[in-house]
Amino acid sequence: MAIKQEENHLDSNPISKGDQTASNSQSGGGFYEIHVKGHLHSEWSDWLEGLEMRLLDNGEMILSGNIVDQAALLGVLIKLSRLNLTLLSVNEVKRSN
């Protein structure tokens, strides 16, 4: 009997879909804009978590897109560092639905 109750407990999800959105933002997931000094070819987008690249005339670039969590964000920042791109800013953009 205890096993059945434990299974039921594992099957129940106390987090509703609305709460999952809040949970994602607390874990670092969201839409981000990362501003760096330097340019990359658009082929690098897949390697950088599929972020959209916007090249600016002043030699800077803005990467933007959804990043699933804090670990993925850190991974992108490390990759940019290894490419010797100077990080100018990282901003989470709150988007209205």
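Since every read-out is calculated from the coordinates, none of them should be taken as a lab result. Keep in mind that what you see is a predicted model, and the values were worked out from it rather than measured. We place every Cβ from the backbone using ideal geometry, glycine too, and count neighbours over all the protein chains shown.
What's the FRET efficiency of K37 with S96 using the Cβ-Cβ distance as r and R₀ = 25 Å, to the nearest 0.05? That pair, K37 with S96, gives E of 0.25.
Using Cα pairs under 8 angstrom and six or more residues apart, how large is the relative contact order of segment 28-92, in percent?
Numbers: 105 pairs, mean separation 31.4, N = 65.
Relative contact order of segment 28-92: 48 percent.
The protection proxy used here, the mean number of other Cβ atoms lying within 10 Å of each residue, ranks peptides 32-38, 84-90 as follows, highest first: 32-38, 84-90. Here's how it looks for L88: its modeled amide H is under 5 Å from those of H35, V36, K37, which are all 5 or more places away or on a different chain.
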